[in-house]
Amino acid sequence: RGLAWRVPMVFTGAPTRAHRIVLDLQGTQLRAPLVGEERGGGRACWHGADFLCGLLFLATLAMCGGLGYYASTLGNLTALKRVAFGKDAHGRMCGVDSEVKDYPLAFFTVPVGHPPVAGQSAEQIRQSLVAVCTRKCPHGSAGAEKSNATARPLDSCPPSDAVRCAWYGGNTTRLAFYCMDLAIFGDGASGTASVWLQDVRAAWTHVLAMVPVAIVLGFCFLLCMQSCAGLFAGISVLIAVAGPLSLGVLTLQSARSSSGLVRPAHTSPRDLEIIGYVCVGFGAFAALLAVCFARSLRRVVQVIGVASEFLIDVSSQMLQPICFVMVEVTVMFLWIVVFAATAAIGLEEGEEQKCLQVGNIYCL
């Protein structure tokens, strides 16, 4: 009841027709308190939990800033870059070091003229791989893995890696600034994550288009709730009662007659009778609840109608959740960055060759 009058006053400056009247659970009408008006106890309505939650939020932000400063001074942020950027066989970080500044992607390949990899296991192929910086992820063609490794275009790799700038014919997927052949690297989990990333990358336009569609559908839903909330509530109660009753009757008929429902395997007529009686009991119990709480259901319908009218009159309330989500995602991203930087304290870089032997993407 506090939010019902407080939110519209904050965002509109004056209560609208839907906000002046609030139905409490007793069915009475309450006037929305004016700005600055106090209720029982002599305390302003808007003080209390909001102030404490605001202090807690500020405290978490302060802690986040303190951890960030602590991590930036003690964390090995250079090694942390390896999460996104790879190093070539000469130890140069692709896209970062001056000699490979124009080659931001790292891929793992074999020298020019390497025998065909077709028929070899992933472990055997990984033993011959070396890391090379490139401008573009390589992609193979049908049957290319049955031929010797061929040289890529000269501008694809740094001049110092002309011998290594080759490809054996597989297909790569870009993950951050890596080009990974998922047929050679990673397990099922890594493959699933990369496929999910590719799906999101391909469908981002559809995801953005769903925002206005969701808003329009939301308004249509609210209009339906405002006009037909009682009808929808009645249909819901009817389904809750008639559904289990119908299923129970059909199950009992199937247990007592060979012409009823198809009996599941390994299920005796006695088991079906028990299931039928249980379903009938659920239906009867739902009917009893509907009768006992009929008055409460009517009040719920009234509350839904008032809430729908409130959201329709104050259209900004439909957009605020989207803004809140953007802020929340930003805060979560900030915490992830701080967490990663804190985890980099004492971090040391391992040997890439061991990761190649294991074939794990996260290790690389």
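The values are calculated or read from the model by the stated rules, or taken from the named source; none is laboratory data. Just so it is clear, the model here is predicted, and its values are computed rather than measured. Quick reminder, even Gly has a Cβ in these numbers, built from the backbone with ideal geometry, and neighbours come from all protein chains shown. For the accessible areas, the whole protein counts, side chains as well, though only heavy atoms, and no ligand, DNA or RNA atoms are used. Shrake-Rupley method; radii C 1.70, N 1.55, O 1.52, S 1.80 Å.
Data overview
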quantity: Cα-based convex hull, segment 257-364, per residue volume (Å³, whole number); calculated: 344
quantity: Arg201-Thr267 FRET efficiency (beta carbon distance; Förster radius 51 Å; 0.05 resolution); calculated: 0.60
quantity: ³J(HN,Hα), Karplus 6.51/-1.76/1.60, whole Hz, each residue of segment 271-286, x for Gly, Pro; calculated: 4, 5, 5, 4, 4, x, 5, 5, 5, 4, x, 4, x, 5, 5, 5
quantity: In sequence order, calculated HN-Hα J values of segment 232-244 (Karplus, 6.51, -1.76, 1.60; Hz; x Gly/Pro); calculated: 5, 5, x, 5, 4, 5, 4, 5, 5, 8, 6, x, x
quantity: Euclidean distance between Cα centres, segment 304-362 to segment 120-192, Å; calculated: 31
quantity: Cα-based convex hull volume of segment 68-151 per residue, rounded to whole Å³; calculated: 133
quantity: Length gained when the stretch Glu351-Phe324 is fully extended (0.36 nm per residue, less Cα-Cα span); calculated: 5.4 nm
quantity: Amide H contacts of Lys87 (H built 1.01 Å from N, under 5 Å, at least 5 apart or other chain); calculated: Cys94
quantity: Carbon/sulfur fraction of accessible area - segment 262-364, other protein chains in place, 1.4 Å, %; calculated: 72
quantity: Accessible area per residue, Å², segment 259-364 with all protein chains present, probe 1.4 Å; calculated: 68
quantity: Probe 1.4 Å - accessible area at Val83, Å² to nearest ten; calculated: 110
quantity: Heavy-atom accessible area ranking, 1.4 Å probe, most first, across Lys101, Lys87; calculated: Lys101, Lys87
quantity: For Ser98, solvent-accessible area (1.4 Å; no DNA, RNA or ligand), Å²; calculated: 110
